[in-house]
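Colleague: One structure, as structure tokens, below. Some questions next.
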């Protein structure tokens, strides 16, 4: 219970700090007045712009934490991360099309829609290739994911070269690819993803015992691996659609949560979501306030912090 209260308190503190952070810092008193309904312009900006972005950052981090936990459980590899199966490449390709190709829909709708479709479509393509090749186990999915990611990355680079001109800046595409929070209506999306992930918890624990033991317990391993990968890709696609490509959060959050609550997935999944939310909220606050009036891409902040974490994990795994 103390762990959950501690995580909730840290998340609340992170939300307050992030709501105060920015080009023009606000005080907790300013934040309180804004929440109380103050009509001043400063209060309206806090309520209508900064607070929705902070809440969206929390949900993006929570979804990345959930996706990372599912992928690490499915592949039984603590170094697995949410972008393994080409979802990052698919989302980046969809976002590139949305930003560079003039289409009828408003870009505020088109960008997350095509990014989600790209991430989801890339995962379906990986699964289809692995089935055609007869390699429907975890290793086959990983190899197909690497190949699809390389192809999608090449297509994105081609589109950036072919479609950009003096009226369309490549910096817009690069800024999205490097990560940046947008502010959708999140309650239904996040609640559905949390429920979807918790529905996999018990079977992920069984799968963690090993494939032979999981079959002995009555788990259809190949079918469940496909189901879990599809569920994880939905969660990751939702995070990528509204947060861009945010590095290392889906890798690091499950590890921190595992240290706090243990390896069983029913407590691990919500703990990973809380840790991921804390990390992204604080990283987004740094991205908005470190170099005013400019904004650092969120993915750069998480990469600078997450790179050393990944190196330490890799070194510990090699030594063991």
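The values are calculated or read from the model by the stated rules, or taken from the named source; none is laboratory data. Because the structure is a prediction, the values reported are computed rather than measured. So basically every Cβ, Gly included, is an ideal-geometry build from the backbone, and we count neighbours across all protein chains shown.
Table: residues versus (1) outside any helix (DSSP H, G or I); (2) touching a residue at least 24 places away in the same chain (Cβ under 8 Å); (3) over 21 Å from the mean Cα position of the chain (by Cα); (4) on the phi > 0 side of the Ramachandran plot.
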position	(1), (2), (3), (4)
30	no, no, yes, no
34	no, no, yes, no
37	yes, no, yes, yes
42	no, no, yes, no
53	no, yes, no, no
67	no, yes, no, no
74	no, yes, no, no
83	yes, yes, no, no
93	no, yes, no, no
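Conditions tested, residue by residue: (1) under 20 Å from the mean Cα position of the chain (by Cα); (2) over 18 Å from residue 194 (Cα atoms); (3) free of Cβ contacts under 8 Å to residues at least 24 places away in the same chain.
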position	(1), (2), (3)
217	no, yes, yes
227	yes, no, no
235	yes, no, no
256	yes, yes, yes
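Colleague: Here's something else I'd like to know. Modelled with pLDDT of 85 or more and either out of contact with any strand residue (DSSP E or B) (no Cβ under 7 Å at 6 or more places or on another chain) or assigned to a helix (DSSP H, G or I) (or both): is that true of residue 57 in this structure?
Modeller: yes
Results for (1) within 14 Å of the chain's Cα centre (by Cα); (2) under 19 Å from residue 66 (Cα atoms); (3) touching a residue at least 24 places away in the same chain (Cβ under 8 Å); (4) part of a helix (DSSP H, G or I), shown as yes or no for each residue.
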{"site": "260", "(1), (2), (3), (4)": "no, yes, yes, yes"}
{"site": "266", "(1), (2), (3), (4)": "no, yes, yes, yes"}
{"site": "275", "(1), (2), (3), (4)": "yes, yes, yes, yes"}
{"site": "303", "(1), (2), (3), (4)": "yes, yes, yes, yes"}
{"site": "309", "(1), (2), (3), (4)": "no, yes, yes, yes"}
{"site": "316", "(1), (2), (3), (4)": "no, no, no, yes"}
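Colleague: Moving to a separate point now. Could you say which residue among 271, 247 is surrounded by 19 or more Cβ atoms within 10 Å (Cβ to Cβ) and not in a helix (DSSP H, G or I)?
Modeller: From the options 271, 247, the qualifying one is 247.
Colleague: May I pose another question? Is it fair to say residue 260 is at pLDDT below 90 and surrounded by fewer than 22 Cβ atoms within 10 Å (Cβ to Cβ)?
Modeller: Considered against the rule, which asks whether it is at pLDDT below 90 and surrounded by fewer than 22 Cβ atoms within 10 Å (Cβ to Cβ), residue 260 comes out as no.
Colleague: Ok, one more. Among 232, 191, which is the only one that is under 21 Å from residue 82 (Cβ atoms) and modelled with pLDDT under 80?
Modeller: 191
Colleague: For residue 98, are the conditions met, namely being closer than 28 Å to residue 9 by Cα, at pLDDT 80 or above and in contact with a helix residue (DSSP H, G or I) (Cβ under 6 Å, 6 or more places away or on another chain)?
Modeller: no
Colleague: Would you mind telling me which numbered condition in (1) within 30 Å of residue 207 (Cα to Cα); (2) not in a helix (DSSP H, G or I) residue 5 fails?
Modeller: So residue 5 meets the others, but not (2).
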